[in-house]
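Here the structure is laid out as structure tokens; the discussion comes afterwards.
The values are calculated or read from the model by the stated rules, or taken from the named source; none is laboratory data. In this text the structure is predicted, and so the values were computed from the model without any measurement. All Cβ positions, glycine included, derive from the backbone under ideal geometry; neighbour counts span all protein chains shown.
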Amino acid sequence: MEKTIAVIGSSRRNGNTGKLLDHIANELGIEVIDLASKNISPFDYDHKNIDDDFLPLMDHLLKYENIIFASPVYWFAMSAQMKIFIDRMSDFLSVEELKDKGRELRNKVGYIVSTSISEELDRSFINSFADTFGYLGIKYGGFIHMNCNNGFDLSAAEKNIDNFVSKLNIANVNVVI
Ligand SMILES: Cc1cc2nc3c(=O)[nH]c(=O)nc-3n(C[C@H](O)[C@H](O)[C@H](O)COP(=O)(O)O)c2cc1C
């Protein structure tokens with residue numbers, strides 16, 4: 001099984017969240033998938049959207065053990081792009097043929113990368129991810145948050161980034177027995 005991959009949902013790919021995630025991804029040597037490059041529509045009770053890009057994307061993500069979810073804070077919450085993606089996890093709970101695939105999420109570890117213009121990351125933001133992870137059986141691995149109130153300054157977040165990358169690096173190592 002491959003180790004780590006990241007998905008980003010932001011209104012701009014190369015904004016603060018994208019830059020922070022790219023820095024982390026470069027350190028880890030991992031792939032980043034931009035949700036904006038995918039055609040993923042909101043949850044549909046009738047599943048008329050079952051053939052959009054959600055399931056192929058999930059097939060790809062499920063090859064990895066650690067999944068990084070990157071989103072800016074928009075109005076105390078995750079971005080709309082990320083929320084649409086997360087909502088679609090409900091397909092795994094409501095489409096009988098997809099339930100086995102949904103259970104594969106139980107072997108995953110989820111991490112959060114976020115930026116905002118506040119020093120502290122709102123608990124509501126973290127909880128919406130962590131509680132969703134919990135419901136789906138994804139273990140919560142932790143988060144990194146960067147305050148971009150004074151612009152994008154990697155050096156101000158260096159220590160946090162180092163800690164986060166080290167944590168992921170340990171998780172990223174393929175253990176050979
Ligand atoms: C629609 C919108 C809502 C926002 N809401 C918040 C917020 O609730 N709290 C906060 O600290 N920053 C908020 N911000 C600021 C962004 O979180 C911040 O600029 C972030 O770094 C943007 O990341 P991006 O470049 O990936 O979009 C908001 C920005 C936008 C555009």
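Any chance you could count how many residues in segment 1-37 are within 13 Å of the ligand (Cβ to nearest atom), assigned to a helix (DSSP H, G or I) and among the hydrophobic types (A, V, I, L, M, F, W, C)? Number of matching residues: 4. On the basis of being small (Gly, Ala, Ser) and at positive phi, does Gly110 make the cut? In short, no.
Please go through segment 118-174 and pick out each residue that is acidic (Asp, Glu) and under 15 Å from the mean Cα position of the chain (by Cα). Even if it seems obvious, please write down each step before you answer.
Residues of segment 118-174 acidic (Asp, Glu): 119-120, 122, 131, 153, 158, 162.
Residue satisfying the conditions is Asp131 alone.
Scanning segment 132-177 for residues that are outside any strand (DSSP E or B), surrounded by 16 or more Cβ atoms within 10 Å (Cβ to Cβ) and not hydrophobic (A, V, I, L, M, F, W, C) gives Thr132, Asn172.
Kindly indicate whether any position in segment 65-81 is without any contact (Cβ under 8 Å) to a residue 12 or more places away in the chain and more than 23 Å from Phe125 (Cα to Cα). Scanning segment 65-81, I find no residue that is without any contact (Cβ under 8 Å) to a residue 12 or more places away in the chain and more than 23 Å from Phe125 (Cα to Cα), so the answer is no. In segment 42-54, the residues that are among the acidic types (Asp, Glu) reach residues that are surrounded by 15 or more Cβ atoms within 10 Å (Cβ to Cβ) with C-beta atoms within less than 7 angstrom, at least six apart or across chains, in these pairs: Asp52/Ile40; Asp53/Lys38; Asp53/Ile40.
Within segment 122-142, take every residue that is within 15 Å of the ligand (Cβ to nearest atom) and out of contact with any Phe, Trp or Tyr (no Cβ under 7 Å at 6 or more places or on another chain) and give me the one that is nearest to Gly9 (Cα to Cα). Here the answer is Ser128. Look at (1) touching a Lys or Arg at 6+ places or on another chain (Cβ under 6 Å); (2) within 14 Å of the ligand (Cβ to nearest atom) and you find that Glu65 fails only one, number (2).
Residues in segment 73-101 that are exposed (fewer than 14 other Cβ atoms within 10 Å of the Cβ) and in contact with a Ser or Thr (Cβ under 6 Å, 6 or more places away or on another chain): Phe76 alone.
Here is a yes/no grid of residues against (1) in contact with a helix residue (DSSP H, G or I) (Cβ under 8 Å, 6 or more places away or on another chain); (2) within 16 Å of the ligand (Cβ to nearest atom); (3) not hydroxyl-bearing (Ser, Thr, Tyr):
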position	(1), (2), (3)
Phe69	yes, yes, yes
Pro72	yes, yes, yes
Gln81	yes, yes, yes
Arg88	yes, no, yes
Gly102	yes, no, yes
Asn107	no, no, yes
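Residues being touching a Pro at 6+ places or on another chain (Cβ under 8 Å) and at pLDDT 95 or above are entirely absent from segment 54-67.
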